[in-house]
Amino acid sequence: MANQYKRILLKLSGEALLGEQGHGIDADILTQYADEVKAVQEEGVEVSVVIGGGNIFRGVKGATEGMDRVQGDYMGMLATMINSMAFQDALERKGVHTRLMSAIRMEEIAEPYIRRRAIRHLEKGRVVIFGAGTGNPYFTTDTAASLRAIEIEADVILKGTRVNGIYDSDPEKNSNAVKFDTITGDEILKRRLNVMDLTAFTLCRDNETPIIVFNMNEKGNLKKVVCSEESVGTTVVWDE
């Protein structure tokens, strides 16, 4: 079956890498995610990735109480680099060629982010991991994912979570929560559903970048989303 998307941006939360642990990175989850990305890449899909830093940053959050916001945000950006390096290693061990690009210059471990170079890497079949957010304080990794997706002209943002899509309430707290197969951007705003932060969401809406929210922890789901084998997750549409 032909792939629905040629170039994707996969957004993963740092918390997802915790697995069953209370802190750090779960090696089994990292390996599972690497397998998922490899399976999609082998189908000829160009894959880029943005990972949050919550699993690392949460461990030092107490130390940041009362800290300058800008300082704390830069610490968060460095946390994303730790996760990005770990994921790069997991992919490389699977034989997947990767490039790690950082919005903050740190040449010893990552290339500086240059849009044209990122696109060239994707065209050559390399998985590109974008680290350090946007390189600016006050912006989340959701915003970084939206910005990078638009810059590299990705066909879709795939937001991998631990639930099966977008619900009318938190499914982890409400067993009667109802899942949407598709939902408009206006409906998300009207219902105040927590899909992405408002800056990230507005970027996607203004550029009509599709978003699919799905369960990344269910094996094979990423390939199902990309290859359209079946309806997986929730698709955010911008047309009424």
### Task
Select, from 103, 27, 86, 63, the only residue that is more than 18 Å from residue 142 (Cβ to Cβ), of a type in the set (Gly, Ala, Ser) and modelled with pLDDT of 95 or more.
86
### Task
Inspect the stretch 68-77 for any residue being acidic (Asp, Glu), within 13 Å of residue 129 (Cα to Cα) and not in a loop (DSSP other than H, G, I, E, B) and give the result as yes or no.
no
### Query
With (1) over 15 Å from the mean Cα position of the chain (by Cα); (2) touching a residue at least 60 places away in the same chain (Cβ under 8 Å); (3) in a helix (DSSP H, G or I) as the list, and residue 33 as the residue in question, which single condition is left unmet?
(1)
### Query
Could you list, in sequence order, the residues of the stretch 172-207 that are within 18 Å of the chain's Cα centre (by Cα) and of a type in the set (Asp, Glu)?
197
### Task
Might you check whether a residue that is at pLDDT 95 or above, closer than 16 Å to residue 40 by Cβ and over 14 Å from the mean Cα position of the chain (by Cα) occurs anywhere in the stretch 142-151?
no
### Query
In the set 235, 209, which member is in a loop (DSSP other than H, G, I, E, B), touching a strand residue (DSSP E or B) at 6+ places or on another chain (Cβ under 8 Å), buried (at least 19 other Cβ atoms within 10 Å of the Cβ) and not aromatic (Phe, Trp, Tyr)?
209
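The values are calculated or read from the model by the stated rules, or taken from the named source; none is laboratory data. Remember, it's a predicted structure, so these values are computed and weren't measured experimentally. Counting neighbours? That spans all protein chains shown, and the Cβs are built from the backbone with ideal geometry, glycine included.
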